[in-house]
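In what follows, a single structure is set out as C-alpha cells and then discussed.
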Amino acid sequence: MRRLTPAELSARNKRNLAIAGALVAFILLVFTVTVLNLKRNIDARKEALAAGAPVEYAR
C-alpha cells in the first residue's frame, strides 16, 4: 500500500466533504417534503371535517 501525497489527501478530503454535503442536502429535502405532505393532509382533514364530510381512518 502506498502513501498518499498531500495533494491527494487534500483532494480526497474535499471529495468527502462534497459527498457529505450532498447527503445532508438530500436528507433535508426528503424531510421537508415529508413535513409538507403531512401538513397538507392535516389541512385537508380539517377542511373535510369543517364541511361535514366523513373522514375515515385505517381500520
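The values are calculated or read from the model by the stated rules, or taken from the named source; none is laboratory data. The shown structure was predicted, so the numbers you read here are calculated from the model rather than taken from an experiment. Cβ atoms come from the backbone with ideal geometry, glycine included; neighbour counts cover every protein chain shown.
Here is how the numbers come out for the structure above:
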item	result
Subset tally (residues that are among the β-branched types (Val, Ile, Thr) and part of a helix (DSSP H, G or I)) for the range 1-25	2
GLU8 at pLDDT below 95 and out of contact with any Cys (no Cβ under 7 Å at 6 or more places or on another chain)	no
Filter result (of a type in the set (Gly, Ala, Ser) and either surrounded by fewer than 10 Cβ atoms within 10 Å (Cβ to Cβ) or outside any helix (DSSP H, G or I) (or both)) within the range 26-59	ALA50, ALA51, GLY52, ALA53, ALA58
Residue pairs meeting the criteria (Cβ under 8 Å; at least 6 apart or on separate chains; first without any contact (Cβ under 8 Å) to a residue 12 or more places away in the chain, in the range 21-37; second assigned to a helix (DSSP H, G or I))	none
